[in-house]
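> My structure is below; once you've seen it, I'll send some questions.
The values are calculated or read from the model by the stated rules, or taken from the named source; none is laboratory data. No experiment lies behind these values; they were computed from the predicted model shown. Every residue, glycine as well, gets a Cβ built from its backbone with ideal geometry; the counts of neighbours run over all protein chains shown.
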Amino acid sequence: MGFFLMKFDFTEERFVRLPLPFQSFDPEDTAVLSVVRDEKLSVCHQEILAWSNVMRIWVSNKVEEEGKVLSWRKDFVLTVDFDKFQLPCVVNVASFLLDEEKKVAVCCDVCDEEMKGEEKNRIYIVGEDMYKQVYDDDIVNAYLLNCPLVLTYVPSLVHIH
């Protein structure tokens, strides 16, 4: 079936599919959604089984007020080939925050560097030509899905009654 976004249209009380900037039907691929400031979406796509260690991030055009149309910029905002950094394990991004202007992302994932079932949470900053790990920590219960997440919060002046 592939990857897609789903939104709920409250005026028509139904779900609506929204397009992504790529097509993928491989269940091993990953797609992760994030927010850029308070007006755009970004999506990270990785083709895990294609023996590609490349991460691509796209950014949507500004999401209109009613959210009826979602379009994506044609070019990648950030493309990172992790192979050139000679990392000890494959990168499989679980969450990310993008700085669109600086073309860098803060990413999180879980890595088993020595393939011994000793997984580590990693947080790192990555750009087209840079990789800097800023945090890693052993996972106590590796059998649980303990994946680090970075989240964005955009305060709103709208009051909910």
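> Return the only residue of V80, V93 being within 10 Å of I57 (Cβ to Cβ) and not in a loop (DSSP other than H, G, I, E, B).
V80
Each row is one residue, and each column tells you yes or no for (1) within 28 Å of K40 (Cβ to Cβ); (2) at pLDDT below 85; (3) of a type outside the set (S, T, Y); (4) under 16 Å from the mean Cα position of the chain (by Cα).
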site	(1), (2), (3), (4)
A94	yes, no, yes, yes
A105	yes, no, yes, yes
V110	yes, yes, yes, yes
K132	yes, no, yes, no
D137	no, yes, yes, no
N146	no, yes, yes, no
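> Restricting to region 7-43, name every residue that is in a strand (DSSP E or B) and more than 20 Å from F96 (Cα to Cα).
The answer is K7, F8, D9, R14, F15, V16, R17, L18.
> Under 9 Å by Cβ, and 6 or more places apart or on different chains, what pairs join a residue from region 74-87 that is without any contact (Cβ under 8 Å) to a residue 24 or more places away in the chain with one that is of a type in the set (K, R) and not in a loop (DSSP other than H, G, I, E, B)?
Note: pairs meeting the criteria are F76/R56.
> Take the residues in region 55-81 that are out of contact with any Lys or Arg (no Cβ under 9 Å at 6 or more places or on another chain), at pLDDT below 90 and of a type outside the set (D, E, K, R), then tell me which one is nearest to P19 (Cα to Cα).
Once the filter is applied, the top-ranked residue is S71.
> Go through (1) of a type outside the set (A, V, I, L, M); (2) within 29 Å of D136 (Cβ to Cβ); (3) surrounded by 14 or more Cβ atoms within 10 Å (Cβ to Cβ) one by one and return the number of the condition D81 breaks.
All conditions pass for D81, except number (3).
> Return a yes/no flag: does region 74-93 have any residue that is closer than 22 Å to K7 by Cα and in contact with a strand residue (DSSP E or B) (Cβ under 7 Å, 6 or more places away or on another chain).
No; the residues of region 74-93 include none that is closer than 22 Å to K7 by Cα and in contact with a strand residue (DSSP E or B) (Cβ under 7 Å, 6 or more places away or on another chain).
> Another one. Determine whether region 108-117 contains at least one residue that is without any contact (Cβ under 8 Å) to a residue 24 or more places away in the chain, part of a strand (DSSP E or B) and within 23 Å of L5 (Cβ to Cβ).
No - not one qualifying residue is present in region 108-117.
> Also, I was wondering about something else. List pairs: first in region 44-61 and assigned to a loop (DSSP other than H, G, I, E, B), second modelled with pLDDT under 95 and acidic (D, E), Cβ under 7 Å, 6+ apart or cross-chain?
So the pair list comes out as E47/D26; E47/D29; I48/E28; I48/D29; L49/D26; L49/E28; N53/D81; N53/D83.
> Continuing with this model, one more query. Please indicate, with yes or no, whether at least one residue in region 69-77 is under 16 Å from the mean Cα position of the chain (by Cα), surrounded by 16 or more Cβ atoms within 10 Å (Cβ to Cβ), assigned to a strand (DSSP E or B) and not charged (D, E, K, R).
Yes, that holds for at least one residue.
> Restricting to region 20-59, name every residue that is touching a helix residue (DSSP H, G or I) at 6+ places or on another chain (Cβ under 9 Å) and surrounded by fewer than 17 Cβ atoms within 10 Å (Cβ to Cβ).
Listed by number, the residues that qualify are S52, V54.
> Just to be sure before I move on: is D99 acidic (D, E), modelled with pLDDT of 85 or more and under 22 Å from V134 (Cα atoms) in the structure I sent?
Yes: the conditions hold for D99.
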